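Right, one structure below, let's go through it.
Every read-out reported here was derived from the displayed coordinates using simple, explicitly stated rules and does not represent laboratory data. Since we're looking at a predicted model, the values are computed, not measured. With ideal geometry, Cβ positions are generated from the backbone for all residues, glycine too; neighbour counts draw on all protein chains shown.
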Amino acid sequence: MAIVVRASVALTSVVLAAAACRPTTGATTTGSDADSGTTATATTSSATSRGISSSGADETGTATPPGSSSTSAGGSTSADGTGGGVVVRDCNTAVHFVYFVEADAVYDQAEYDAIEQMAFAFQAYWFEQLGTTFFLHSPVVDVIEADHPGQWYVDTPDGIHNDDRWYRLGNIKTEVYAKLGASDFDPQHRFVNYPPSRHDGRVGANFGGAWMDGDDLTCMLGLNDGVTFPFDEQGPAHCMGHVAHEFGHILGLPHQGPDTDCMQFGFYNNTGGDRMCQFSAENVEQILAEPGNAGWLDALPGQLCLPGR
Ligand SMILES: [Zn+2]
């Protein structure tokens, strides 16, 4: 796979790292978990074997909560109010989109808006893929004014990983969960986190959250032709395809499926052009059958909720 060469490391089935062209962290090994698989894998996986890695499964949903009682309200949600508008319903689970503004970054309304737009588009995308989707949290975007400047998250041991390349991810996860009152693999809350800064290009899915990169936010702002760095030369990794891959892990999927599947190792290269990756019938089936997803996929596009209310 040509891919491997420049940008990818595969953390077994765990984290998506898009480090490649950056000198910062494990630049050498290329990688994003996604593509390269082979090559870099060994390196990374071993290194990560503690924290996130264990997450190959962790990120997926193994540990996902039990009692996600079948969202009575949500599930039964008739198609009533969905016809297009935004509706707040009763539910037990919701996905938060988080705008994580590092202390040395500046809140930008355009970024907030881009995340909010992505949240609704993403919810609708999953409905197209699964025939059902998750509830968005109300409010849709949680803004977190981070405690530290961006580089701090990169340099400070996170107490989770023994591979410093994942410190940023672990540190952000810890702060987000503390501030939003969530726990690892929270039974009621899952997260998609966007920080404005790009420090290492490493994104991943673990602890019930998808931890994206500043590049993804830039992509969502319409820059880079809607392609997430550094995959531009390989074939577009659309902003949504990138997070769809990570979210697929949260829903329990490993790297598998045909070339056009979002969970395929090299989906960045194979989707190409303007095509957006899709989830194969097998992967859709697996997501819907995954016990850990019970109660998580009972919504219709446009439905928001505040779990517990
Ligand atoms: Zn992955």
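Taking the fewest neighbouring Cβ atoms within 10 Å as the starting point, the ordered list for 190, 89 is 89, 190. Gain on full extension, evaluated as 0.36 nm per residue between residue 281 and residue 120 minus their Cα-Cα distance, stands at 55.6 nm. As a rough footprinting exposure proxy, the listed residues 228, 132, 156 were ranked by other beta carbons within 10 Å of their own, and the order from fewest upward is 156, 132, 228. In plain terms, the residue of 217, 223 with the fewest other Cβ atoms within 10 Å comes first and the most crowded comes last, giving 223, 217.
So who's got an amide H within less than 5 Å of the one on residue 209, skipping anything under 5 residues away but keeping other chains? H placed 1.01 Å off N, in plane. Counting only residues 5 or more places away or on other chains, the set is 191. Taken along the Cα-to-beta-carbon direction at a fixed 7 Å, the label points for residue 288 and residue 180 span 2.7 nm.
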